[in-house]
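Comments concern the structure below.
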Amino acid sequence: MRLLFGTLFGLAVAAGVGLGLTYYSLTHGTAFAGLSIESWTAWPKSGTTDADPYVRASIARTGRLPTAMGDGVSFTLSSDDDGKALDGRCEVVVSGITPTARFWTLSLYNPDGALVANSTNRYGFTSQEIVRRSDGSFDIVVAPRANPGNWLPTGGVERYELVLRLYDTAVGVSTKAGREVPMPDVATRSCP
Amino acid sequence: MIIRWALLILGGVLLGGIVHLATVIILPRTATQDAYARLTPIAPVNTVVALPAPTPEKAAMPFMDPAFASAVCRYDLSQGPLKLTVPVSPGYTSVSFYTRYDVAYYAINDRAAGRRIIELDLMTTAQHDQVPEDEEVTAADRLIVESPTLTGLIAIRALAPEPGLMRVAESTVAASKCSTQQPEPPRPPPRPLEPPRPRK
């Protein structure tokens, strides 16, 4: 009887620990083996056959298709440079320049990966639509209310993610954070 | 008594580590909502199907880039190699190849293709081995891609650099084609020359 009870207890611990770890590692981001530059993170290997089991499991769970190496690299952002989670009720400014790429796009999603409804039907920008300064740098204001210049509406949602995709770029598996990959700064300007 | 419980917990945690690794590895093979499964009902095999532009209410897959027009070809190579042709849009066009379990194994863009049209043959390693060597030499500019699995997905995507160019991008992906090549019928062996009949 004691043996049976002990075995059941051990198996319960095993199931709890195992499934808990799996759930946690897939919902809280596979933070390791990524390429982090400032607050932006990319998993260049997710677009190759070298993708590790965690990346593969996360791709299967979310149902997305990863950006393939040779097509481009996608960087995800869920908090600003101070570590504050992106809040759709605040004004967040994305400013600076991007690494060299033939084209890039910046899109806004809710944490499930769906576009966020807004009155202007604008879900993102491409590198050709952006108004820039003479030195090539730009400011994108991510905010619930209209702003002059490059305004990306948040629809007032509580949490969102920004995805910066670089297409036809040299940034890839062998890239290290550094001066060759200048990612835009992200700052929360004002919160109601 | 305490030692007994400590051992049970330790054993449970160790076994839990194995359970964790096993579930992570098995998960892609049991996922019912991965990209391939989501596309199966709308994408017939070996045909290019244009995907509707993602909207906040509905999208074929999560995290689709709204600046792109996209189409997929869900392929099955069991009937033979696949021929893919994708015209190139003025913006940026790319073709990415995924296995059945959504692992990207190859991608090519318009600049790498260097032509007005991306044209390639997709086949398994076994099918590639059967391609006669001389044929490969005569068709030196024919691009051959080897698929690690019999089934998979090809994502064809064209960028609309500004919203006004979305129509052009959509017509680009709509004009692409993927189809299985009909295996050429084996040529009849040349008839042996009849010996000249002896004249009478």
Residue list for region A:59-80, filter: of a type in the set (Gly, Ala, Ser), at the interface with chain B (Cβ under 9 Å from one of its Cβ atoms), surrounded by fewer than 24 Cβ atoms within 10 Å (Cβ to Cβ) and closer than 22 Å to residue A:108 by Cβ: A:63
Which one of the conditions (1) within 14 Å of chain B (Cβ to nearest Cβ); (2) at pLDDT 90 or above does residue A:119 fail to meet, given that it meets all the rest? (2)
What strands (runs of 3 or more DSSP E), lying completely within region B:1-114, carry at least 2 residues that are facing chain A (nearest Cβ under 7 Å) and under 19 Å from the mean Cα position of the chain (by Cα)? B:92-99, B:104-109
Test result for residue A:107, of a type in the set (Gly, Ala, Ser), farther than 19 Å from residue A:74 by Cβ and either surrounded by 12 or more Cβ atoms within 10 Å (Cβ to Cβ) or within 15 Å of the chain's Cα centre (by Cα) (or both): no
Give region A:108-134 a look and list any residue that's closer than 20 Å to residue A:38 by Cβ and touching an Asp or Glu at 6+ places or on another chain (Cβ under 6 Å), or say none. A:109
When region A:95-135 is checked residue by residue, the ones that are of a type in the set (Phe, Trp, Tyr) and either more than 24 Å from residue A:62 (Cα to Cα) or in a loop (DSSP other than H, G, I, E, B) (or both) are A:103, A:123
Which residue, of B:125, B:99, B:85, is free of Cβ contacts under 8 Å to residues at least 24 places away in the same chain and of a type in the set (Val, Ile, Thr)? B:125
Let me confirm something: among A:26, A:21, A:3, which residue is more than 10 Å from chain B (Cβ to nearest Cβ), of a type in the set (A, V, I, L, M) and assigned to a helix (DSSP H, G or I)? A:3
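Pick out, from region B:129-200, the strands (runs of 3 or more DSSP E) lying fully within it that include 1 or more residues that are within 24 Å of residue B:65 (Cα to Cα) and modelled with pLDDT of 85 or more.
Output list reads B:151-159, B:177-180.
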When region B:1-28 is examined, which residues are found to be loosely packed, with under 12 Cβ neighbours inside 10 Å and either small (Gly, Ala, Ser) or closer than 23 Å to residue A:46 by Cα (or both)? B:6
If only one of A:83, A:20 is surrounded by fewer than 17 Cβ atoms within 10 Å (Cβ to Cβ), small (Gly, Ala, Ser) and outside the structural domain of residue A:158 (by TED's automatic domain parsing), which one is it? A:20
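The values are calculated or read from the model by the stated rules, or taken from the named source; none is laboratory data. It should be emphasised that the depicted structure is a prediction, and the values quoted were computed from it without experimental measurement. Neighbour counts are summed over all protein chains in view; Cβ atoms, including those assigned to glycine, are modelled from backbone coordinates with ideal geometry.
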